[in-house]
Amino acid sequence: MKVDLAMLRWGAFCVYVTGPVLTNLAYLSLTDQVTATGERLLMVTSTFGVDPSLPLIGMLLCLRDWVQATLGRMVTCAAICIGTALSALVSPEVAAASGLAFLVSESVDFVCYTFLARHKSLAILLSGLLGAMVDSAVFLGIAFGSMVTWGDQTIGKVATVVIVAIAFRASQTQMVVARA
């Protein structure tokens, strides 16, 4: 079965630009407000909750890298702008915080990935780590005026980035072994 690479690239672009909308919808529809500042979690037990948007955000940081690697910098910059605009349309509750967090963190991810692009797995890992840290800080600062859960937010996003970076590295190693 032959895969149409152009279709795959543009499909990834579409998933990337609509990703912030899906992330916001998951955050708003699957969670309940659980803190005095307004933070929302999906309660697993009466005392433990998770934010279902965190792995989605981690995936978006990695998907942006792939869009840039396959469609180029200009298309990626356009995708960041489109994703930011779409993010702001979802809900007034999180519009400013989500839109600005996406714009700033994805731009930081873009610059870091561009600088490290020759070393793909390292670029994915470090740009995703930096993007996750920035995303958490911007979103929490604007939405809740508190950085209390910054570490938890960042770890939730970085866990996904680490998994993707390891999987990418493993796939590259398998390709080298298969060629030998």
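The values are calculated or read from the model by the stated rules, or taken from the named source; none is laboratory data. Since the model is a prediction, treat every value here as computed from it, not as a measurement. Cβ coordinates were reconstructed from backbone atoms using ideal geometry, including for glycine residues, and neighbour counts include every protein chain displayed.
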- Query: How about the stretch 92-133: which of its residues are crowded, with 20+ Cβ neighbours inside 10 Å and over 18 Å from residue 67 (Cα atoms)?
  - Reply: 94, 98, 99, 101
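Quick one: would you say residue 61 is touching an Asp or Glu at 6+ places or on another chain (Cβ under 8 Å) and more than 22 Å from residue 4 (Cβ to Cβ)? Walk me through it before giving the result.
Numbers: touching an Asp or Glu at 6+ places or on another chain (Cβ under 8 Å): yes; more than 22 Å from residue 4 (Cβ to Cβ): yes.
Against the criterion (touching an Asp or Glu at 6+ places or on another chain (Cβ under 8 Å) and more than 22 Å from residue 4 (Cβ to Cβ)), residue 61 qualifies.
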- Task: Please enumerate the residues belonging to the stretch 152-170 that are over 20 Å from residue 52 (Cβ atoms) and either crowded, with 18+ Cβ neighbours inside 10 Å or modelled with pLDDT of 95 or more (or both).
- Result: 165, 168
- Task: Scan the stretch 134-146 for residues that are surrounded by 24 or more Cβ atoms within 10 Å (Cβ to Cβ) and at pLDDT 95 or above and report the count.
- Result: 2
- Task: Give me a count of the residues in the stretch 24-61 that are within 19 Å of residue 123 (Cβ to Cβ) and touching a Gly at 6+ places or on another chain (Cβ under 6 Å).
- Result: 2
- Could you please find all residues in the stretch 58-98 being in contact (Cβ under 8 Å) with a residue 60 or more places away in the chain and over 14 Å from residue 18 (Cβ atoms)? 58, 61, 62, 65, 70, 71, 75, 91, 93, 94
- Single residue of the stretch 13-51 satisfying the filter (among the hydrophobic types (A, V, I, L, M, F, W, C), buried (at least 18 other Cβ atoms within 10 Å of the Cβ) and under 23 Å from residue 165 (Cα atoms)) that is farthest from the chain's Cα centre (by Cα): 13
- Note on the structure: In the set 12, 36, the lone residue that is without any contact (Cβ under 8 Å) to a residue 60 or more places away in the chain and not in a loop (DSSP other than H, G, I, E, B) is 12
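To keep it simple, each residue is scored yes or no on (1) over 18 Å from residue 154 (Cα atoms); (2) small (Gly, Ala, Ser).
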{"position": "45", "(1), (2)": "yes, no"}
{"position": "53", "(1), (2)": "no, yes"}
{"position": "60", "(1), (2)": "no, no"}
{"position": "69", "(1), (2)": "yes, yes"}
{"position": "76", "(1), (2)": "yes, no"}
{"position": "88", "(1), (2)": "yes, yes"}
{"position": "95", "(1), (2)": "yes, yes"}
{"position": "105", "(1), (2)": "no, yes"}
{"position": "127", "(1), (2)": "no, yes"}
- Task: Inspect the stretch 131-151 for any residue being more than 19 Å from residue 50 (Cβ to Cβ) and in contact with a Cys (Cβ under 8 Å, 6 or more places away or on another chain) and give the result as yes or no.
- Result: yes
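For the stretch 83-91, indicate whether the set of residues that are aliphatic (A, V, I, L, M), surrounded by 18 or more Cβ atoms within 10 Å (Cβ to Cβ), out of contact with any helix residue (DSSP H, G or I) (no Cβ under 7 Å at 6 or more places or on another chain) and over 24 Å from residue 126 (Cα atoms) is non-empty.
Scanning the stretch 83-91, I find no residue that is aliphatic (A, V, I, L, M), surrounded by 18 or more Cβ atoms within 10 Å (Cβ to Cβ), out of contact with any helix residue (DSSP H, G or I) (no Cβ under 7 Å at 6 or more places or on another chain) and over 24 Å from residue 126 (Cα atoms), so the answer is no.
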- Message: Any residue at all in the stretch 97-108 that's farther than 17 Å from residue 142 by Cα and of a type in the set (Gly, Ala, Ser)?
- Response: yes
- Item | Any chance residue 54 is modelled with pLDDT of 85 or more, surrounded by 12 or more Cβ atoms within 10 Å (Cβ to Cβ), within 22 Å of residue 161 (Cα to Cα) and within 12 Å of the chain's Cα centre (by Cα) | yes
